[in-house]
Amino acid sequence: MTTLGLARTSKSSTADTDAAVRLYGPDAFEGMRHAGRLAAEALDMLQDYVKPGVTTERLDALSYEFAMDHKAYPAPLYYRGFPKSICTSINHVVCHGIPGPKPLREGDILNIDVTLILDGWYGDTSRMYAVGAIPRKAERLIDVTYEALQRGISIVRPGATTGDIGRVIEAYARAERCSVVEDFCGHGLGAVFHDRPNILHYRVNTKGEDQGPGVTMQPGMIFTIEPMINLGKAFVKILPDGWTAVTRDRELSAQFEHTVGVTKDGCEVFTYSPKGLDKPTFSAK
Ligand code: MF3
Ligand code: CO
Ligand code: CO
């Protein structure tokens, strides 16, 4: 995801205008199908390796090899100084966790975020993984976050606004007594990584400020939806490494991400798992 300000320098999406948003044609959609599918296949491949004792560094190395084997390049690598090919965000890490030597432990929850560039097109997707049996509250958070993304996707069609995505995700998360992270958002992408429009996952922020309707969707727009949902409060801080975002209250955080394109009458999701592994299943305790 992008920080509000990673894609653009403003902290608000309200300055986005429809005119400023790139519209892509059939060739781009075809390119995005391939890039999106490959990114999803990378997440599928990683599933078999997510086990207690495995390091996130190893998952990173596997992802880099996967990209090379498929003539693709991992977009995060050296992006604004990011040192690795994927983001791995464990437990209270909200996003942008840097793969490292610490082994995964039974009961951890993990988000892996893969962005692959294939033939110039960016496929960006992330999922949650359970390391062995996880606490019931972690399962619930993962289910809520998955459903939040589905609800966001379900309203994408010409004439809807990007603000509608935030509205449905926020309403659902609130009803489930969870909070929506405000410091990072989804983003336009396609031939570039982080583009307009910003896709906020809330409509009214914790200060009570309405973020407005945003941009009206049109066929040919391509963007991510990638809500980060917390069991505790919405507030995050960035660790001294300059990347890792964690919840201030150290409660669990979860995230799912898909890349979608607006079509004539709805949307196409480019990053579904070919193996149907989009939603994690939980092992018995
Ligand atoms: N894949 C992330 C996103 O969803 C961005 C990661 S950029 C990095 O937009 F530099 F942190 F890797
Ligand atoms: Co993204
Ligand atoms: Co991503």
Which members of the range 32-72 meet the condition of being small (G, A, S), in a helix (DSSP H, G or I) and either surrounded by fewer than 19 Cβ atoms within 10 Å (Cβ to Cβ) or in contact with an Asp or Glu (Cβ under 6 Å, 6 or more places away or on another chain) (or both)? A61
Subset of the range 74-90 [within 16 Å of ligand 2 (Cβ to nearest atom) and either in contact (Cβ under 8 Å) with a residue 40 or more places away in the chain or of a type outside the set (K, R) (or both)]: P74, A75, P76, L77, Y79, R80, F82, S85, I86, C87, T88, S89
Just to be sure, is F223 within 11 Å of ligand 1 (Cβ to nearest atom) and assigned to a loop (DSSP other than H, G, I, E, B)? no
If we keep just the residues of the range 180-204 that are open to solvent by 20 Å² or more (accessible area, probe 1.4 Å) and away from ligand 3 (no atom under 16 Å from the Cβ), which is nearest to the chain's Cα centre (by Cα)? E182
Restricted to the range 1-31 and to residues being at pLDDT 95 or above and open to solvent by 60 Å² or more (accessible area, probe 1.4 Å), the residue nearest to ligand 1 (Cβ to nearest atom) is R22
Looking at the range 61-78, is at least one residue within 12 Å of ligand 1 (Cβ to nearest atom), under 21 Å from the mean Cα position of the chain (by Cα) and hydrophobic (A, V, I, L, M, F, W, C)? yes
Among residues belonging to the range 231-277 that are closer than 15 Å to T145 by Cα and within 16 Å of ligand 3 (Cβ to nearest atom), point out the one that is surrounded by the fewest Cβ atoms within 10 Å (Cβ to Cβ). E257
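The values are calculated or read from the model by the stated rules, or taken from the named source; none is laboratory data. Everything numeric here is computed off the predicted structure, so don't read it as measured data. When we count neighbours, we look across all protein chains shown, and the Cβ atoms used for this are built from the backbone with ideal geometry, even at glycine. Heavy atoms of the whole protein, side chains included, go into the accessibility calculation; ligands, DNA and RNA do not. Shrake-Rupley method; radii C 1.70, N 1.55, O 1.52, S 1.80 Å.
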